[in-house]
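Read the structure below first, then the notes.
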Amino acid sequence: MHQRTMDKKELVIRLLKKNTDGLTIIEIAKELKVSRNTVPVILAELKGAGLIRIRPVGKAKLHYWGGRK
C-alpha cells in the first residue's frame with residue numbers, strides 16, 4: 001500500500017524535528033524507505049513554506065527543521 005504524499009511530508013517533518021544535526025536527501029530517503037526522487041519534492045514544498053533551513057556542506061546539503069517546534 002502506498003503512502004499518500006501528505007503522509008510522507010508528515011514523516012519528513014517528524015524526522016527533521018528529531019535529527020537536529022540536519023539530514024541529507026539520501027539519509028531522509030533511506031530512513032523513511034521512500035524514493036530519492038520523492039524527498040526533494042517534499043523538501044522544496046517545505047522550503048517554500050519557510051518551514052526548513054538548508055545548509056550546503058561540500059557537495060551535500062543538510063536540511064534542518066526551522067519551523068515551529
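The values are calculated or read from the model by the stated rules, or taken from the named source; none is laboratory data. Quick caveat, the model's predicted, so the values are computed rather than measured. As a convention, Cβ positions derive from the backbone with ideal geometry for all residues, glycine included, and neighbour counts pool all protein chains shown.
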## Note on the structure
Within segment 51-65, residues of a type in the set (Gly, Ala, Ser) and outside any strand (DSSP E or B) come out as 58
### Query
Out of curiosity, is residue 62 in contact (Cβ under 8 Å) with a residue 40 or more places away in the chain, over 8 Å from the mean Cα position of the chain (by Cα) and surrounded by 13 or more Cβ atoms within 10 Å (Cβ to Cβ)?
yes
### Query
So residue 14 fits all but one of (1) part of a helix (DSSP H, G or I); (2) surrounded by 13 or more Cβ atoms within 10 Å (Cβ to Cβ); (3) modelled with pLDDT of 95 or more; what number is the exception?
(2)
### Query
Restricting to segment 56-69, what's the tally of residues that are at pLDDT below 95 and in contact with a strand residue (DSSP E or B) (Cβ under 8 Å, 6 or more places away or on another chain)?
2
